[in-house]
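This report refers to the structure that appears directly beneath it.
The values are calculated or read from the model by the stated rules, or taken from the named source; none is laboratory data. Note that this is a predicted model, so its numbers are computed, not measured. Methodologically, a virtual Cβ is constructed for each residue, glycine included, from the backbone with ideal geometry; neighbour enumeration extends over all protein chains shown.
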Amino acid sequence: MRLGYSRMSITPDYSVPLAGYGNTSFRMSTEVLDAIYTTAIAISDGKNTVIFIENDLTTSVKTITDETRRRISLETGIPEGNIMVACVHLHSAPDQWNTDEPSIQRYNGELVDAMVKNAVASVGDMSPATARAASDTVEDLNFVRHYILADGHVRGPSFGLQYDSPKVAHTREPDKTLQVVSFAREGKEDVVLVNFQAHPQIATRAHRYSVTADTIGVMRDYVEERLGCKVIYVLGASGNVQAISLIKDENRYTDHLSYGEAFGQAVEKLLQGEMKPLALGSVKAAKKVFVAKTNKEDAAKLEKAEAVFAQWSEDNDYKAAVKAGEPYGINSPYHARAIIQRTELPDREELELYAFSVGDLAFAFAPYEMFTENGSFIKEGSPFAHTIVSTLANKAMSYIASKQGFDYNCYEANTCRYVRGTAEELAEEYVKLLETVCTTR
Ligand SMILES: [Zn+2]
């Protein structure tokens, strides 16, 4: 087994619009707080090679990832199905969707070039490696962002709207598992893969107009400085999970620096504890096309949704839009917009699901934001000793909310393209895909 690693800056040295928070605010960057990167690892058994690319970006745009995968494949001969491009889901990175902006047209072009160059470099860097792995639960680093209020209502992220009733409990516990895989090369622990689940967006609150790798950059710097290794982070099933709680007095962290350091300390503790050897056998990749049924169940509300959305677009008053939608079961202007947009969708859409395995280590790649409970289901059902769930891989279909998310009528369900139950069906498909990879290895 051989492993290669490469990292390259993708920090724009010019002003760009920043992504995150839908289109509630247009933010041009005014400074770089810290650098953002594209990181790639390549793993080969001599016959098959897989490449995993993780970007310090908000999302994965399919046209961009398709071109990147195609070009890497052309340059290296590695099939596109063996090349995955994911992101850490920052809310302080260039808005790749905003192609009306000349700065983004420029950025997207430079981004593809950087990803290709960096991934090819990771292949060139390959040398023999062994691996060890560990996982443990960590407290206070992630929280499910749906709340039971004192008045009994269940509410999600508030988008600045103050609820009349205080939040008293989270609707559920997130998957608190932190996973690390440490690859040793030339007798030295060299490349560390970290997998956790939480929206990494704390710096962006105090530094609204900054490009920053937020908590992820701080964690990486901490671990690399302390242990002299190189870190690649994989975003797990974070769809309903935040890095900090919105319940008063529940946070130990005042900013992204203190959170990132605590995160780094948790990673360090795992790496310095009991690490189990991980057998790295043959490298496999598998793909399955899943046909998802789009959600048109509330198309009857279209006229009301159009009115709510038009009002919000005009006065930008979120609370007023929520009030206007209330009598019709329209939860927010985002919900209204989703109802409008979904009427244009075909009845069914295809999603590409991928899995890799390297001996006892497996990866499931999801092209959407997955709820924590669905990620846990995949990890628990996987026949592999160590399974990493990677979300926002190759594409961002936005949220695919769990059944519970739909039952709570939460934001992620309101804006989900697909019908209730799709998230659970997908989780089952991932387990089946991992079983297929497992039996053919
Ligand atoms: Zn998100």
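Anything in the stretch 389-422 that is modelled with pLDDT of 95 or more, of a type in the set (Val, Ile, Thr) and buried (at least 20 other Cβ atoms within 10 Å of the Cβ)? List them, or say none.
Answer for the stretch 389-422, where residues must be modelled with pLDDT of 95 or more, of a type in the set (Val, Ile, Thr) and buried (at least 20 other Cβ atoms within 10 Å of the Cβ): Val389, Thr391, Ile400, Thr422.
Could you please give the count of residues in the stretch 383-393 that are more than 15 Å from the ligand (Cβ to nearest atom), in a loop (DSSP other than H, G, I, E, B) and either of a type in the set (Val, Ile, Thr) or in contact with a Cys (Cβ under 8 Å, 6 or more places away or on another chain) (or both)?
2
Quick check on my filter: what residues within the stretch 243-276 are within 16 Å of the ligand (Cβ to nearest atom) and closer than 23 Å to Val181 by Cα? Reasoning before the result, please.
To start, the set of residues in the stretch 243-276 that are within 16 Å of the ligand (Cβ to nearest atom) comprises 243-244, 246.
Of everything in the stretch 243-276, just one residue is within 16 Å of the ligand (Cβ to nearest atom) and closer than 23 Å to Val181 by Cα, namely Ala243.
Tell me the residue from Val88, Val50 that is within 20 Å of Val218 (Cβ to Cβ), assigned by TED's automatic domain parsing to the domain that holds Val16 and touching a Phe, Trp or Tyr at 6+ places or on another chain (Cβ under 7 Å), please. Reasoning before the result, please.
Values: Val50 fails: within 20 Å of Val218 (Cβ to Cβ).
Of the residues listed, the single one that is within 20 Å of Val218 (Cβ to Cβ), assigned by TED's automatic domain parsing to the domain that holds Val16 and touching a Phe, Trp or Tyr at 6+ places or on another chain (Cβ under 7 Å) is Val88.
Looking only at the stretch 187-196, decide whether some residue is assigned to a loop (DSSP other than H, G, I, E, B), of a type outside the set (Lys, Arg), within 16 Å of the ligand (Cβ to nearest atom) and closer than 18 Å to Ile244 by Cβ. Write out each step before concluding.
Just the residues of the stretch 187-196 that are assigned to a loop (DSSP other than H, G, I, E, B), to begin with: 187.
Those still in the list that are of a type outside the set (Lys, Arg) too: 187.
When the remaining residues are screened for being within 16 Å of the ligand (Cβ to nearest atom), the result is none.
No, that holds for no residue.
Of the conditions (1) within 16 Å of the ligand (Cβ to nearest atom); (2) surrounded by fewer than 24 Cβ atoms within 10 Å (Cβ to Cβ); (3) in contact (Cβ under 8 Å) with a residue 40 or more places away in the chain, Glu425 satisfies every one except a single condition; which number is it?
Glu425 satisfies all of (1) within 16 Å of the ligand (Cβ to nearest atom); (2) surrounded by fewer than 24 Cβ atoms within 10 Å (Cβ to Cβ); (3) in contact (Cβ under 8 Å) with a residue 40 or more places away in the chain except (1).
Tell me, which strands (runs of 3 or more DSSP E) wholly within the stretch 5-99 include 3 or more residues that are buried (at least 16 other Cβ atoms within 10 Å of the Cβ) and small (Gly, Ala, Ser)?
On the way: elements: 37-44, 49-55, 83-87.
Because the criterion is at least 3 residues that are buried (at least 16 other Cβ atoms within 10 Å of the Cβ) and small (Gly, Ala, Ser), the strands (runs of 3 or more DSSP E) in the stretch 5-99 that meet it are 37-44.
Test Asp95 against the criterion of being within 16 Å of the ligand (Cβ to nearest atom) and over 30 Å from Asn48 (Cβ atoms), and give yes or no.
For Asp95, the condition - within 16 Å of the ligand (Cβ to nearest atom) and over 30 Å from Asn48 (Cβ atoms) - is met.
Could you list all residues from the stretch 107-143 that are assigned to a loop (DSSP other than H, G, I, E, B) and either aliphatic (A, V, I, L, M) or touching a residue at least 40 places away in the same chain (Cβ under 8 Å) (or both)?
Within the stretch 107-143, Asp125, Met126, Val138, Asp140, Leu141, Asn142 meet the criteria.
Would you be able to say whether some residue in the stretch 220-240 is within 16 Å of the ligand (Cβ to nearest atom) and more than 17 Å from the chain's Cα centre (by Cα)?
No; the residues of the stretch 220-240 include none that is within 16 Å of the ligand (Cβ to nearest atom) and more than 17 Å from the chain's Cα centre (by Cα).
Which is modelled with pLDDT of 95 or more, closer than 30 Å to Gly217 by Cα, touching a helix residue (DSSP H, G or I) at 6+ places or on another chain (Cβ under 8 Å) and among the aliphatic types (A, V, I, L, M), of Leu257, Leu270?
Among Leu257, Leu270, only Leu257 is modelled with pLDDT of 95 or more, closer than 30 Å to Gly217 by Cα, touching a helix residue (DSSP H, G or I) at 6+ places or on another chain (Cβ under 8 Å) and among the aliphatic types (A, V, I, L, M).
Can you tell me which of Ala134, Ala114, Ala119 is among the aliphatic types (A, V, I, L, M) and in contact with a Ser or Thr (Cβ under 7 Å, 6 or more places away or on another chain)?
Values: Ala134 fails: in contact with a Ser or Thr (Cβ under 7 Å, 6 or more places away or on another chain); Ala119 fails: in contact with a Ser or Thr (Cβ under 7 Å, 6 or more places away or on another chain).
Only one candidate qualifies: Ala114.
Which residues, counting only those in the stretch 394-416, are in contact (Cβ under 8 Å) with a residue 60 or more places away in the chain and away from the ligand (no atom under 12 Å from the Cβ)?
Listed by number, the residues that qualify are Asn394, Lys395, Ser402, Gln404, Gly405, Tyr408, Asn409, Cys410, Asn414, Cys416.
Hey, can you tell me all the residues within the stretch 227-243 that are over 18 Å from Ala366 (Cβ atoms) and in contact with a Leu (Cβ under 9 Å, 6 or more places away or on another chain)?
Quick first cut of the stretch 227-243, residues over 18 Å from Ala366 (Cβ atoms) only: 227-231, 242-243.
Residues satisfying the conditions are Leu227, Cys229, Val231, Ala243.
Suppose the filter is modelled with pLDDT of 95 or more and either in the same structural domain as Met126 (by TED's automatic domain parsing) or away from the ligand (no atom under 16 Å from the Cβ) (or both); does Ser158 pass it? Give the steps one after another, and end with the answer.
On the way: modelled with pLDDT of 95 or more: no; either in the same structural domain as Met126 (by TED's automatic domain parsing) or away from the ligand (no atom under 16 Å from the Cβ) (or both): yes.
Against the criterion (modelled with pLDDT of 95 or more and either in the same structural domain as Met126 (by TED's automatic domain parsing) or away from the ligand (no atom under 16 Å from the Cβ) (or both)), Ser158 does not qualify.
Which is more than 26 Å from Thr63 (Cα to Cα) and among the hydrophobic types (A, V, I, L, M, F, W, C), of Phe356, Phe406?
Phe406
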